[in-house]
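Single-structure report; data block below.
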Amino acid sequence: MSATTLALTIEMPLLEALSSWNVFESLAVQMAKDLPRQALAEALDEAQERLIDSVCGPRWAPVRGLPAPFACPGCKARGDFARKGKRTRPRVLHTAAGKVEIVLWHVGCRGCKKVFAPLLLMLGLAGKRRTDRLTVDLAELGTQMSFARAARIDAQLAGTGATAGQAHNALADVAAILTGPEGPDRAPGTLGAAHPSPDVVLLDGTGVRAGDRKNGCGAYLAIGLTGRSGPAGRRRARSHLLGLTVGEDWSMLGAQLEHLKAPKLVVLDGEVSITTLAERLWPQVPIQRCWWHLPHGLRKAFYADDANNRHVNPRWARDKAKAFGELLREQIRHERTQDEALVAYDEFVAKIPATLLSAHAYLAGARPHTFTCLDPKLRRQLAHLGGPELGTGVLERLMRELNARTDIGGSRWSINGLRDLLTVQTARLLGHPAWTELHRSTHQPNKIEFRLQKFNAA
Ligand SMILES: [Zn+2]
């Protein structure tokens, strides 16, 4: 270990009647942006000098055959390097602490004649313009706001010179790190299921404004729930990201899920392709229609019927859908059996005019999967989650967050761009291990000591 000491000089104006605190505060804020990166550059510069001295000998008296703490990138030799001079232009590195500029020393391998900068090699920065930490920071912001705003905020907070384009690229880079390389036929890489045997699997699809097709494309999400230990009465579920596709056939979601252990329950939104997928993956597993989607779907069916039935006004449709949602929750609240709940369901259906064909078709299709969660055996099996019906809330919160980001600016996404966004966003929101590990490794707590000393004290 060795110390680098730098002198900090502040040219303080004399305190007088016109002195303004704002001036000093501005000084402090500006120092917060400039000092860290400048101090780091100086300390690295000195560390580099020492490294080169120890590997090549003093500047005017080169020593041959000295060992090195790095290996030649050409022939892997671990010693006998010669000075090859300093680069004239500093190497610019965009970091989470702003732009760090370092003048690099080069060395030459006496074995294979390769010339390289050992500092970059030793710090894992060879070929990098932007550090991983800045990439992760920008991507994290980019999942919560527009890229332009993400760059602006990062520049304000950390004094980085980030641009919207960098924030955009950072998101793509992080998505690639999380998912690994593309598969055969350039199929996008996937995150991998965050849990091998969840108790409940939620499958949900949503339409997103991406790609060339007028109606956009489909994004599908698979989320697993497991119990989390805690005081009785405050048991909660943990959610895990199992799979994600954007603009791909739903069978691609199946490929991501086929290694999972069969869950105790599948919750889905009722879309035919997703229901088919669930039945194919886990033929024995009971299916529950999501209680958040059910009233929404009914309202849509009312609107489809409206074309022929002018008397079905929006308020009627909305109130009816709301009453339907209330009916579902009541069955849980009053601890009804499946048979009792279905009687209530059928009474509700009977009051809907027979001319509303879409609504009737919708309710008939949903009926077999509406009250699966009332099965006493299933309720016992999933009691540790706080009841099988809670998946609905998890999905609803997540979908709201995803839509909030994808809707920003009303812009249209490329399919790959949106897949990158949803990959990073869902991995972050649901704490996928790949994201947690990437974040942990790029945001380690500082272990290097530093202190500010006061010189020439009067
Ligand atoms: Zn070599």
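The values are calculated or read from the model by the stated rules, or taken from the named source; none is laboratory data. Fair warning: this is a prediction, and the values are worked out from it, not measured in the lab. Virtual Cβ from ideal backbone geometry, glycine too; neighbours counted across all protein chains shown.
Need at least 3 residues that are closer than 27 Å to Glu449 by Cβ and more than 14 Å from the ligand (Cβ to nearest atom) per element, so show me which strands (runs of 3 or more DSSP E) inside the range 21-112 make the cut, counting only ones lying wholly within it.
Details: elements: 81-86, 91-95, 98-102, 105-109.
By residue number, 91-95, 98-102.
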Residue pairs within 9 Å by beta carbon, gap of at least six or interchain, first lying in the range 52-80 and within 17 Å of Trp105 (Cβ to Cβ) and assigned by TED's automatic domain parsing to the domain that holds Arg110, second away from the ligand (no atom under 15 Å from the Cβ) and of a type in the set (S, T, N, Q), listed first then second, are Leu66/Ser54; Ala68/Ser54; Pro69/Ser54
Test Asp204 against the stated conditions and say whether it is of a type in the set (D, E, K, R) and at pLDDT 90 or above.
no
Among the residues of the range 121-134, which ones are away from the ligand (no atom under 16 Å from the Cβ) and either free of Cβ contacts under 8 Å to residues at least 24 places away in the same chain or not β-branched (Val, Ile, Thr) (or both)?
Leu123, Gly124, Leu125, Gly127, Lys128, Arg129, Arg130, Asp132, Arg133, Leu134
Residues satisfying the stated conditions in the range 10-65, i.e. exposed (fewer than 15 other Cβ atoms within 10 Å of the Cβ), β-branched (Val, Ile, Thr) and under 30 Å from Lys84 (Cα atoms)
Val63
Scanning the range 284-327 for residues that are farther than 18 Å from Phe348 by Cα and modelled with pLDDT of 90 or more, the one surrounded by the fewest Cβ atoms within 10 Å (Cβ to Cβ) turns out to be Gln284
Is there a residue being within 26 Å of Val103 (Cβ to Cβ), basic (Lys, Arg) and touching a Lys or Arg at 6+ places or on another chain (Cβ under 9 Å) anywhere in the range 30-43?
yes
Pick from Glu330, Glu335: which is part of a helix (DSSP H, G or I), surrounded by fewer than 20 Cβ atoms within 10 Å (Cβ to Cβ) and not hydrophobic (A, V, I, L, M, F, W, C)?
Glu330
Single match in Gly270, Gly325 (criterion: small (Gly, Ala, Ser) and within 31 Å of the chain's Cα centre (by Cα))
Gly270
Kindly indicate whether Glu140 is surrounded by 17 or more Cβ atoms within 10 Å (Cβ to Cβ), charged (D, E, K, R) and away from the ligand (no atom under 15 Å from the Cβ).
yes
